[in-house]
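The values are calculated or read from the model by the stated rules, or taken from the named source; none is laboratory data. Values in this document were obtained by computation on a predicted structure and should not be read as measured data. Cβ placement follows ideal geometry from the backbone for every residue including glycine, while neighbour counts extend to all protein chains displayed.
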C-alpha cells in the first residue's frame, strides 16, 4: 500500500484533534502515519495529542515547550519528519473525507510526473461533518507551468490545504514553507511545486473538510477592506518568481505584470464594494486604491477603475438606485470565482 505521512500542527485546537486524527486513521487502502505537533498550546492541546498517540501506534506527538510559530512547525513535520511516498499537512481543526487519501494516491500512481494532487473541500462551521461527494472520480492533470500561469492570471489560491497531498520527493526538491509568508505560504508552496511537476485534480469527490470559525488566521488580513490580504498574495507570487529558475520558467516578467494587474483590479472591486455599502473609510477604500496605483503603472487602463470613478461621480445614493445597471464589486468577484472553480472542475 502507498504510504502517506500526515502532519497535524496544532495550536489551541485540542478540542478538534480527535476528529482530525480519526479522519486520517480511518482512511482505507493506504498506510498512514500521523505526527501531531503541538506548538506550546496553553489549553491542554498537548495532553490531547499525547493521549491520541498513546492509543494508536500510528500516531506520534511532539509537544513544544516554547511556541515556534506555524511555519517553523509546518517545516518540522513536512521537511524533517515525513518520509513516506506522499505527505499531507492538515490543520488540527480540519478533517478528511472517507477515501480521500486513496483517491489521491491512485492519481499519483497513474501519473508519475504529478507532484501535487488536490480536490474540493467542504467549508463548514462545526457540528456533525456534512455529507461528502465520494465519486465516481476522474483524474484531471494540468501541466505544471500551465497551471501556474492560471494562478498568476487569477491571483487566487484554489487549493485548500487539507485537500492537498504532495509527493514527498518533490517536496524535498523545492524546499519547505517560505517563512517570510505568514498568510500565503501554502499558496506559494502549491505554485512552487508546479514549477517542477504537474498538478492533479480529483474531480467528482470532496477530499476534505475545511472548518471556518471566528479565530481563523486569515480573518485578520481581511480587515479594512483586505489590502493586507492582497499584499500577501502579491508577496507569494513574487516569492515564486524568485525561485523561477528552479523549474526553468522563462516568462517571469510577463507573469509579474499579469498578477499585478489582476490584484489592482481586485483592489478597485473591493473599493467599489465599500462605496456601494457607504463604508468607504471603514472598509479602507483609499488604501485599496493606493495599493492598486502602487503596483500598476497606469491604472487608467483598468475597467474597474472607470466603474469606481463612476460611482464617485454619481454618489452612493444614486449608485444604490442604479444597482442593477452598475457592475457591482461582489458580482464581478463572484463571476471570477465561478470561472476559477469551473476551470479546476473541467481541467482547463
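Could you tell me whether residue 107 is within 20 Å of residue 196 (Cα to Cα) and crowded, with 19+ Cβ neighbours inside 10 Å?
For residue 107, the condition - within 20 Å of residue 196 (Cα to Cα) and crowded, with 19+ Cβ neighbours inside 10 Å - is met.
In this structure, does residue 183 turn out to be within 21 Å of residue 239 (Cβ to Cβ), surrounded by 16 or more Cβ atoms within 10 Å (Cβ to Cβ) and either modelled with pLDDT under 95 or not assigned by TED's automatic domain parsing to the domain that holds residue 28 (or both)?
Yes.
Could you figure out which of (1) surrounded by 11 or more Cβ atoms within 10 Å (Cβ to Cβ); (2) within 21 Å of residue 231 (Cα to Cα); (3) modelled with pLDDT of 50 or more isn't true of residue 330?
Just one mismatch for residue 330, condition (3).
Given the conditions (1) in a helix (DSSP H, G or I); (2) under 16 Å from residue 207 (Cβ atoms), report the number of the one that residue 72 does not fulfil.
Every listed condition holds for residue 72 apart from (2).
Quickly run through the stretch 113-157 and pick out the residues that are part of a loop (DSSP other than H, G, I, E, B) and touching a strand residue (DSSP E or B) at 6+ places or on another chain (Cβ under 8 Å).
113, 125, 126, 129, 130, 132, 133, 143
With modelled with pLDDT of 90 or more and more than 27 Å from residue 143 (Cα to Cα) as the only criterion, which of 249, 255, 288 stands out?
Just a single option satisfies the conditions, and that option is 288.
Scan the stretch 120-150 for residues that are crowded, with 18+ Cβ neighbours inside 10 Å and either free of Cβ contacts under 8 Å to residues at least 60 places away in the same chain or outside the structural domain of residue 209 (by TED's automatic domain parsing) (or both) and jot them down.
Residue satisfying the conditions is 147 alone.
Scan the stretch 33-50 residue by residue and report those that are in contact with a strand residue (DSSP E or B) (Cβ under 6 Å, 6 or more places away or on another chain) and surrounded by 21 or more Cβ atoms within 10 Å (Cβ to Cβ).
Answer for the stretch 33-50, where residues must be in contact with a strand residue (DSSP E or B) (Cβ under 6 Å, 6 or more places away or on another chain) and surrounded by 21 or more Cβ atoms within 10 Å (Cβ to Cβ): 34, 35, 36, 37, 38, 45, 46, 49.
Taking the options 86, 193, 129, 96, name whichever one is modelled with pLDDT under 95 and either closer than 24 Å to residue 34 by Cα or touching a helix residue (DSSP H, G or I) at 6+ places or on another chain (Cβ under 7 Å) (or both).
129
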